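Notes for the one structure printed next.
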Amino acid sequence: MIEKKIFIKTFGCQMNEYDSNRIYDSVSKLGFIKTNNQSNADCYVLNTCHIRDKAKEKVYHEIGRVKKLYRDKKKPIMVIAGCVAQAENEEMVKREPYIDIVLGPQSYHKVNDLLKKHVVNQKQEETEFDTISKFGYFDQIKNNNSKISTFLTIQEGCDKFCHFCVVPYTRGPEYSRPFTKIITEAEQLIENGAKEITLLGQNVNAYSYLENGKEYRLSSLINYLNQYSELERLRYTTSHPRDMTEDLIDCYSSSKKLMPFVHLPIQSGSNKILELMNRKHTVDDYLNVYERLKKISKDIEFSSDFIIGYPGENQKDFEETFNLIKKIKFINSFSFIFSPRPGTVASKLEMIDKNIAKERLQLIQGKLFDNQIQINKLMENQIIDVLVENKIEKQNKYFGRNNYITPVIFDGSDNQIGKIIKVKIKTSNQNTLFGSATKNMKAA
Ligand code: SAM
Ligand code: SF4
Ligand code: F3S
């Protein structure tokens, strides 16, 4: 086997990050070794995202950059993977001959064959929705990721068709992986040193797998994974308010490993807009989940996603979103101006005035960021649990996250990596907490 270098650049959500690692697990069987040097690779993979803005243009811009980097060198095999690849398919190769392989998210199991065929210099495009074969293939390849905090995809695709969203078109219909395959992969990750696993899916809490008349749900996975003593923390993302079922809510009482942090996108605080978005839930449905979880523990905190300036949003709708943010002090959140996506229902609707949308976004973000600053300020002088992930060599400091996924940078030591330790927080800003490990290293 000849050793070749592969550089993988990943955009978009955690599922793309997971996919990039699995693509690497596959191509390493062909002798590819990962490189961090983007200008010295035999194969260059762009794993793309199509969720907002000028996603397609960004990809062509990136390819232009790669072309410059390799002007005086041998051209790398250029692979475009991910959701833009799925949405654009063979059009990409026609528009940009520098691309060799276009690979949609359901076709990653074909990556090795496509790379082998590339030697005979064919342009190739694979954008079939073939999720079952994909996971069937990857189930036979060990997950070699050895991160302390790691991702594990359990579900892919979406059947909800929110009117603004491109995911059902790029990731295809909802598919849940077999329960036992997920457990086997989790065991591999734990064996590799994982202390925190985040279960992933575009609609992770819609996970449902039937076997011998029994239904396995996200709660079944959480309850099962609880028994692994080496595993310290469990998370899941991204969930839909409609799928926050009783069994999942119960996990917050029964599981010590499930972190008290729920990323639950609401998109808007106006029922009118939620209906126009085809979200299939109301603000009250959301508040109901919020209250049920808060009843279990007031320490459970929320984060969310907001779309501002959706077609039809008036001042009243906007104020309802603003008031919701005042009511629920989200610990952090993502907020974006509505971006029309090709092929979606909302792309045909009349946009609201751009400047009004920008103003509203600023107001919303001002409030969200204020909340974050205040919440982080409250942490100052407190001693909190941090799972230590790595050393930041340049700063001679250590990096980890608290229960609420907030980054913590602190003075510590190498032997704390991979452990949950106590850190005394001294200062903070909007996104990060800063402090020092306390003498008593062990978590309560
Ligand atoms: N499945 C998740 C849910 O239902 O909330 C969301 C997954 S999507 C990958 C992540 C976020 O991107 C969404 O929650 C939404 O806020 C944002 N998003 C999706 N389409 C968008 C669009 N056309 N314009 C702006 N933001 C968008
Ligand atoms: Fe997109 Fe809606 Fe599906 Fe989430 S639930 S992935 S926002 S269509
Ligand atoms: Fe982007 Fe596809 Fe994820 S569009 S957000 S990479 S599912």
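Return yes when Tyr108 is open to solvent by less than 50 Å² (accessible area, probe 1.4 Å) and more than 20 Å from Leu221 (Cα to Cα) and no when it is not. Against the criterion (open to solvent by less than 50 Å² (accessible area, probe 1.4 Å) and more than 20 Å from Leu221 (Cα to Cα)), Tyr108 qualifies.
Filter the stretch 59-71 down to the residues that are touching a residue at least 24 places away in the same chain (Cβ under 8 Å) and not acidic (Asp, Glu), then identify the one that is most open to solvent (accessible area, probe 1.4 Å).
Initial filter on the stretch 59-71 (touching a residue at least 24 places away in the same chain (Cβ under 8 Å)): 59-60, 62-63, 66-67, 69-70.
Subset that is not acidic (Asp, Glu): 59-60, 63, 66-67, 69-70.
Numbers: Val59: 8, Tyr60: 26, Ile63: 0, Val66: 0, Lys67: 79, Leu69: 60, Tyr70: 9 Å².
Here the answer is Lys67.
Taken as a whole, the condition of being more than 20 Å from His240 (Cα to Cα), among the aliphatic types (A, V, I, L, M) and part of a strand (DSSP E or B) does not apply to Leu189. Once the stretch 340-361 is narrowed to residues that are more than 30 Å from Leu293 (Cβ to Cβ), part of a helix (DSSP H, G or I) and away from ligand 2 (no atom under 16 Å from the Cβ), the residue that is least open to solvent (accessible area, probe 1.4 Å) is Ala357. Criterion applied to Ile325, Ile308, Ile337, Ile331 was being within 15 Å of ligand 1 (Cβ to nearest atom), open to solvent by 10 Å² or more (accessible area, probe 1.4 Å) and not small (Gly, Ala, Ser), and the one residue passing it is Ile337.
Those helices (runs of 4 or more DSSP H) of the stretch 255-338 in which 3 or more residues are among the charged types (D, E, K, R) occupy 283-296, 315-327.
Against the definition (under 19 Å from the mean Cα position of the chain (by Cα), open to solvent by 30 Å² or more (accessible area, probe 1.4 Å) and in contact (Cβ under 8 Å) with a residue 24 or more places away in the chain), how does Phe129 come out, yes or no? Working first, answer last.
On the way: under 19 Å from the mean Cα position of the chain (by Cα): no; open to solvent by 30 Å² or more (accessible area, probe 1.4 Å): yes; in contact (Cβ under 8 Å) with a residue 24 or more places away in the chain: yes.
Taking the combined requirement at face value, the residue does not satisfy it.
Hey, does the stretch 266-281 have a residue that's of a type outside the set (D, E, K, R), more than 14 Å from ligand 1 (Cβ to nearest atom) and in contact with a helix residue (DSSP H, G or I) (Cβ under 8 Å, 6 or more places away or on another chain)? For the stretch 266-281, residues of a type outside the set (D, E, K, R), more than 14 Å from ligand 1 (Cβ to nearest atom) and in contact with a helix residue (DSSP H, G or I) (Cβ under 8 Å, 6 or more places away or on another chain): present. Taking the criterion of being surrounded by fewer than 18 Cβ atoms within 10 Å (Cβ to Cβ), under 25 Å from Gln86 (Cα atoms) and not assigned by TED's automatic domain parsing to the domain that holds Leu387, would at least one residue in the stretch 190-205 satisfy it? Within the stretch 190-205, none of the residues are surrounded by fewer than 18 Cβ atoms within 10 Å (Cβ to Cβ), under 25 Å from Gln86 (Cα atoms) and not assigned by TED's automatic domain parsing to the domain that holds Leu387.
Look at Leu221 and say whether it is touching a residue at least 60 places away in the same chain (Cβ under 8 Å) and not in a loop (DSSP other than H, G, I, E, B).
So Leu221 fits the description; yes.
A single member of Ser270, Ser335, Ser339, Ser304 is out of contact with any Gly (no Cβ under 9 Å at 6 or more places or on another chain), over 21 Å from Thr237 (Cα atoms) and within 16 Å of ligand 3 (Cβ to nearest atom), and it is Ser339.
Within the stretch 21-49, restricting attention to residues that are among the hydroxyl-bearing types (Ser, Thr, Tyr) and open to solvent by 10 Å² or more (accessible area, probe 1.4 Å), which residue is farthest from ligand 2 (Cβ to nearest atom)?
If we filter the stretch 21-49 for residues that are among the hydroxyl-bearing types (Ser, Thr, Tyr), which is where we start, we get 24, 26, 28, 35, 39, 44, 48.
Now drop any that are not open to solvent by 10 Å² or more (accessible area, probe 1.4 Å), which leaves 24, 28, 35, 39.
Details: Tyr24: 25, Ser28: 30, Thr35: 33, Ser39: 35 Å.
That would be Ser39.
Could you check the stretch 143-157 and list, in sequence order, the residues that are in a strand (DSSP E or B) and open to solvent by 10 Å² or more (accessible area, probe 1.4 Å)? Listed by number, the residues that qualify are Ser149, Phe151. Take Pro168 and tell me if it is free of Cβ contacts under 8 Å to residues at least 12 places away in the same chain, surrounded by fewer than 21 Cβ atoms within 10 Å (Cβ to Cβ) and either within 16 Å of ligand 3 (Cβ to nearest atom) or assigned to a helix (DSSP H, G or I) (or both). Yes: the conditions hold for Pro168.
The values are calculated or read from the model by the stated rules, or taken from the named source; none is laboratory data. Just so it is clear, the structure is predicted and the values come from calculations on it, not from any experiment. Please note: Cβ atoms are built from the backbone with ideal geometry, for glycine as well, and neighbour counts cover all protein chains shown. Only protein heavy atoms, including side chains, enter the accessible area calculation; ligands, DNA and RNA are left aside. Shrake-Rupley method; radii C 1.70, N 1.55, O 1.52, S 1.80 Å.
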